[in-house]
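Before any comments, here is the structure.
The values are calculated or read from the model by the stated rules, or taken from the named source; none is laboratory data. Please read these numbers as outputs of a predicted model, since none were measured by experiment. Neighbour counts run over all protein chains shown; Cβ positions are idealised from the backbone, glycine included.
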Amino acid sequence: MDRTYNLNELAMMTGFTTRTLRNYLNQGLLKGKKPDGVWQFSADDLDKFFNEPFVKEGLRIKRSSAVFDFMAEKKKRERRTCVILDVPVTVTEGNELSLFFCREMENVTDVTFSFGRDSGMGRIILTGAEDQVAKIMKAYYAR
């Protein structure tokens with residue numbers, strides 16, 4: 001059986017709130033199944049969603065704002081870093097990569113994460129405390 005993703009995982013991948021994602025479901029921009037009362041999304045569902053022009057633009061804005069906000073913060077209280085990682089991926093590889101980073105985010109407190117996929121490239125953006133971003137990147141390269 002193919003891997004499915006739940007609403008919380010999709011929220012983590014996109015940076016959209018679950019409320020926004022539910023609005024997209026109501027509008028028909030996002031499609032999935034709801035067995036046993038829990039939304040489930042296939043890789044194909046996510047691919048169609050990520051390729052919706054309205055959604056694609058929203059994701060681009062979220063990713064850009066993460067980098068802009070990092071650059072605009074003049075007085076940082078500690079060592080901070082921003083990592084932008086571009087990786088060639090298929091749809092399924094991109095979803096799995098995003099899910100890996102979502103799971104790693106559960107182990108840190110001062111990092112923001114953004115993921116997007118376009119034209120066969122996955123883009124991961126991590127910003128936050130230098131030691132915590134380094135911990136995530138170490139786990140990424142060790143996998």
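Miscellaneous remarks
- Taken together, Phe49, Phe68 contain a single residue that is in a helix (DSSP H, G or I) and farther than 21 Å from Ala129 by Cα, which is Phe49.
- Residue in region 106-127 that is over 30 Å from Glu52 (Cβ atoms), outside any loop (DSSP other than H, G, I, E, B) and either in contact (Cβ under 8 Å) with a residue 12 or more places away in the chain or touching a helix residue (DSSP H, G or I) at 6+ places or on another chain (Cβ under 9 Å) (or both) present: no
- Condition check for Asn6: modelled with pLDDT under 90, surrounded by fewer than 16 Cβ atoms within 10 Å (Cβ to Cβ), polar (S, T, N, Q) and within 19 Å of Glu96 (Cβ to Cβ): no
- Every residue from region 1-42 that is without any contact (Cβ under 8 Å) to a residue 40 or more places away in the chain, within 17 Å of Glu57 (Cβ to Cβ) and part of a helix (DSSP H, G or I): Thr20, Leu21, Asn23, Tyr24, Gln27
- Qualifying residue in region 134-142 (condition: surrounded by 15 or more Cβ atoms within 10 Å (Cβ to Cβ), closer than 23 Å to Glu52 by Cα and touching a strand residue (DSSP E or B) at 6+ places or on another chain (Cβ under 9 Å)): no
- Applying the condition of being under 27 Å from Arg77 (Cβ atoms) and acidic (Asp, Glu) to region 98-121 and asking which residue is surrounded by the most Cβ atoms within 10 Å (Cβ to Cβ) yields Glu104.
- Answer residue from region 71-88, given it is within 14 Å of the chain's Cα centre (by Cα) and more than 17 Å from Ala142 (Cβ to Cβ) and is surrounded by the most Cβ atoms within 10 Å (Cβ to Cβ) among those: Ile84
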